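What follows is a short report on a single structure.
The values are calculated or read from the model by the stated rules, or taken from the named source; none is laboratory data. All values derive from a computational prediction rather than experimental measurement. Note that each Cβ is placed from the backbone with ideal geometry, even for glycine, and that neighbours are counted across all protein chains shown. For accessibility, only protein heavy atoms count, side chains too; no ligands or nucleic acids. Shrake-Rupley method; radii C 1.70, N 1.55, O 1.52, S 1.80 Å.
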Amino acid sequence: MSAAMLSRRQFVATSTAAAGGLMLGFHVPALPKTALNPEINAWVLIQSDDTIIVRIARSEMGQGSLTGLAQLVAEELEADWSKVRTEYPTPGQNLARNRAWGNFSTGGSRGVRESHDYVRKGGAAARLMLVQAAADGWNVPVAECSAKNSVVTHTPSGKRLSYGKLAAAAGKLTPPTEVPLKDPKTWTIAGKPVKRLDTAEKLNGKQVYGMDLKLPGMLNAAIRDCPIVGGKLKSFDAASIAGKPGVKKVVKIGDTGVAVIADTWWRAKSALDALTIEWDEGPHAKLSSADIATMLKAGLDANDAVVGHSAGNAAEALTGAARTIEAVYSYPYQNHATMEVMNATARFTPAAGSTAARCEVWTPTQNGESALAAAAEASGLPPAQCEVYKIHLGGGFGRRGATDWIRQVVEIAKAMPGTPVKLIWSREEDMLHGFYHPVTMCKMKAGLDAQGQLQALHMRISGQSILAGLFPQNIRDGRDPVVFQGLNKGGAEGAFGYAVPHLMVDHAMRNPPVRPGFWRGVNLNHNAIYVECFLDEVAHATKQDPLVLRRQLLAGSPKHLAVLNAVAERAGWDKPAAPVNGQTVHRGLAQIMGFGSYVAACAEVSVSPAGELKIHRIVAATDPGHAVNPQQIEAQVEGSFAYGLSAALFGECTLKDGRMQQTNFDTYPPLLLAQMPKVETIVMPSGGFWGGVGEPTIAVAAPAVLNAIFAATGQRIRELPLKQQSLKRA
């Protein structure tokens, strides 16, 4: 089906499927045979000065995928890395070329692990075509030619041609059908700690983010959506801001919001603040966090749970256990709180004569295809008449996989035809209208035999389902697989490593009206806390060393065990930590598998008599199978700990009278630099699989710290964030 024939409804359906992880099979797309087309294939463009432009479909939001994917292409291309640059293809181009670049979605730590194969083949195919072009030009057998460092050499004669001189001829060749890939053991660019390609422009200010974008004649918009969950816009009085400087128009947005368009954003916001607005507060105007907690508590003992993982007969084994241990944990709503708030610029150009109408959007997005679908839906135009230009993200963490602000900006732009309008949310708007990390509670119950050995474990999760809120069509028999991240019975994504003879992991779905979302690390974060902290409880209750107990239970899971052993050895678990400033330092452990990778952490903390917590060091280990850029992996681990510890120490969004109470960083603070521990990262790729990097390690930061706090104080923290808990000694 051609792009012109694809309806908005069909495109929305397919792009939504892509957001859920649909991948197309690899092919190197044929290109138009024109002299002006400098492409070798969809991934590789080589200019006459030997500059190599690698096209990257995944979004860059600080995680380093832009550089990592370029490394993989350059590796197979045998490129001179110093000449490599990158650019984004647009989702409109992807649509027009039958999804030549595959999936544009960037989330779930899938940027590299789900596209490594076909981007490598794109680079390898380009290399084969360049070598073939050189052989054809020299009229020699292709087997006598080789490529290295952006140069093709004819070995017998010593003739050499750079890629820039061969690109035009290579681009006219038919792409090869068989494209062998290099053994990772032979990599010289991939697998190496090369410098990131985007760092310099971020440092010198050349990098343009969505909030920085300027277009000729551009106007600005500020928006306010109903702050009460489930509420709507009842009315507004545009006359109340008549005469305000710079104001162009007041626009109703959907059923829930109103926007002011002005010549500058501050004038738009100031006028919006003065605008008389009346809200229909809807059915949840009295909803509170206490109401939601009551709902979740009821789920801890309910009969309507769906099983995620079972072995043996946990109920029977718990009934007959010589001793049982039980604890209830909880995890709050959390906002992504990206440094760059939601924003986009749109221009809606009506049809004129033979020129069709067009809608263009410039925005930082984690999913260009979903953004294009949203623009098409909001504009009422076919996707082929729309385009989205991706911009580097000033933070994503899952929030920018949504499209709510894109729909808003298109509605605003339609009110000002032919004029680009930039919409920027205020921080308060961003905090009040998130897709929040889901709220959950968990009851853990262990059954021990007469010798104190763990024989049975029941893990009951009660709480919200992300898929039920965002993709209900993906719920099967009442089961949301995202809920069971890190708890699965085997598999390549997140296997539960511990061997417990009788195990039951189930979920009582309880969905409050607050919209949930994919928050960096997703459900793996709280699942790791529930499992790793409770296992620590079992170890201490049975007077076992927490490391020894874990080793026993992980005996049949060598990759889980390997990362755990690595952090224990590096931290020196077998001997006491050295005091710091007269304070005794205590340690805590955690491990889990998630997003296809095996991760572990050992945290070192001290707690003063007054209850002041200091996290001194965290040793982390990760086995992602393959390490495309070890330095970037270390940076990702450090960044994930900063984000994860911010959540553990301070991150909580609470409801009162139907609205979130945290509206800015004064009530939702991040970790300060002085609070950030030293992080030592062990990157230990074992090969044979491709795991994620950006999200797995965030999950082990909090439980390792919580276990260390118990070692220091004897106090077990089961409810986050830590700011709500007193660590002061009695």
> When you look at Ala375, is it over 16 Å from Asn103 (Cα atoms) and not in a loop (DSSP other than H, G, I, E, B), yes or no?
Replying inline: yes
>> Tally up the residues in the stretch 499-521 that are in a strand (DSSP E or B) and either of a type in the set (Val, Ile, Thr) or open to solvent by less than 40 Å² (accessible area, probe 1.4 Å) (or both), please.
In response: 6
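Inspect the stretch 493-503 for any residue being over 22 Å from Glu316 (Cα atoms) and without any contact (Cβ under 8 Å) to a residue 40 or more places away in the chain and give the result as yes or no.
No, every residue in the stretch 493-503 fails to be over 22 Å from Glu316 (Cα atoms) and without any contact (Cβ under 8 Å) to a residue 40 or more places away in the chain.
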>> I need a count of the residues in the stretch 530-574 that are closer than 22 Å to Leu448 by Cα and either of a type in the set (Lys, Arg) or within 29 Å of the chain's Cα centre (by Cα) (or both).
In response: 12
>> Can you say whether Ala190 is over 30 Å from Ser426 (Cβ atoms) and assigned to a helix (DSSP H, G or I), as far as the supplied structure shows?
In response: no
>> Within the stretch 74-171, considering only helices (runs of 4 or more DSSP H) that don't extend past its boundaries, which have at least 1 residues that are at pLDDT below 95, in contact with a strand residue (DSSP E or B) (Cβ under 7 Å, 6 or more places away or on another chain) and of a type in the set (Val, Ile, Thr)?
In response: none
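Results for (1) over 26 Å from Arg718 (Cα atoms); (2) under 20 Å from the mean Cα position of the chain (by Cα); (3) in a strand (DSSP E or B), shown as yes or no for each residue.
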residue	(1), (2), (3)
Leu649	no, no, no
Gln662	no, no, no
Thr667	no, no, no
Pro670	no, yes, no
Ala674	no, no, no
Glu680	yes, no, yes
Pro685	yes, no, no
Trp690	yes, yes, no
Val693	yes, yes, no
>> List the residue pairs whose Cβ atoms are under 6 Å apart, where the first residue sits in the stretch 282-303 and is on the phi > 0 side of the Ramachandran plot, the second is open to solvent by 20 Å² or more (accessible area, probe 1.4 Å), and the two are 6 or more positions apart or on different chains.
In response: Gly282/Gly230
>> If I go through the stretch 220-271 residue by residue, how many of them are free of Cβ contacts under 8 Å to residues at least 60 places away in the same chain, part of a helix (DSSP H, G or I) and closer than 18 Å to Thr345 by Cβ?
In response: 3
> Can you tell me which of Leu549, Leu561, Leu524 is touching a helix residue (DSSP H, G or I) at 6+ places or on another chain (Cβ under 8 Å), open to solvent by 10 Å² or more (accessible area, probe 1.4 Å) and in a helix (DSSP H, G or I)?
Replying inline: Leu561
> Among Thr199, Thr256, which is more than 19 Å from Lys422 (Cβ to Cβ), polar (S, T, N, Q) and at pLDDT 95 or above?
Replying inline: Thr256
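The rows are residues; the columns are (1) at positive phi; (2) buried (at least 22 other Cβ atoms within 10 Å of the Cβ); (3) at pLDDT 95 or above; (4) hydroxyl-bearing (Ser, Thr, Tyr).
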residue	(1), (2), (3), (4)
Ala577	no, no, yes, no
Gly582	yes, no, no, no
Gly596	yes, yes, yes, no
Val599	no, yes, yes, no
His616	no, no, yes, no
Asp623	no, yes, yes, no
